[in-house]
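Below you'll find the structure, written out as structure tokens, and then a few comments.
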Amino acid sequence: MTYLHLPPPQLSALLRRAAEAVAPGRTVLVVGHDLCHLTEGHSGPFEPAVLYAPDVVAADLAGLRIVAARRVERPVDVDGVDCVDVNTLMRPPGGRAGLPPPGRRRPAAAEQGDARR
């Protein structure tokens, strides 16, 4: 999900649904303007309520192992002036506790049935 700036309740609900829906071994990538964008960034939303913070986004993705949760500066050129666009980058892999790691498949239903006999 990139640059989806919603009010907190809607964004939290969407991120929780994404965390629940991601397939094992797959990735949820969340990129959006960070809260420090208010003082360090340029362009994008300037309403604090819709800006991201790594710890808040990570909390909404509970249950996923977080690979990266950080602020990232992206240089932008605005009318010939170098500016900084500050973003929050979250990259949790889709593997959850109890599920196979990426590259490993779960046994098919028929194989699971055979193993129970």
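What follows draws every value from the coordinates through simple rules; no lab data is involved. Worth saying up front: this structure is predicted, and the values here are computed from it rather than measured. Ideal geometry is used to build each Cβ from the backbone, glycine not excepted, and the neighbour counts take in all protein chains shown.
Observations on the model:
- With 0.36 nm allotted per residue and the present C-alpha distance subtracted, the I66-L14 stretch has 17.0 nm of extension available.
- The stretch between V78 and F46, if pulled fully straight at 0.36 nm per residue, gains 9.9 nm over its current Cα-Cα span.
- Surrounding net charge for V31, when Lys and Arg each add one and Asp and Glu each subtract one, Cβ distance under 12 Å: +2
- Of the residues H33, H42, the one with the fewest other Cβ atoms within 10 Å heads the list, and the complete ranking is H42, H33.
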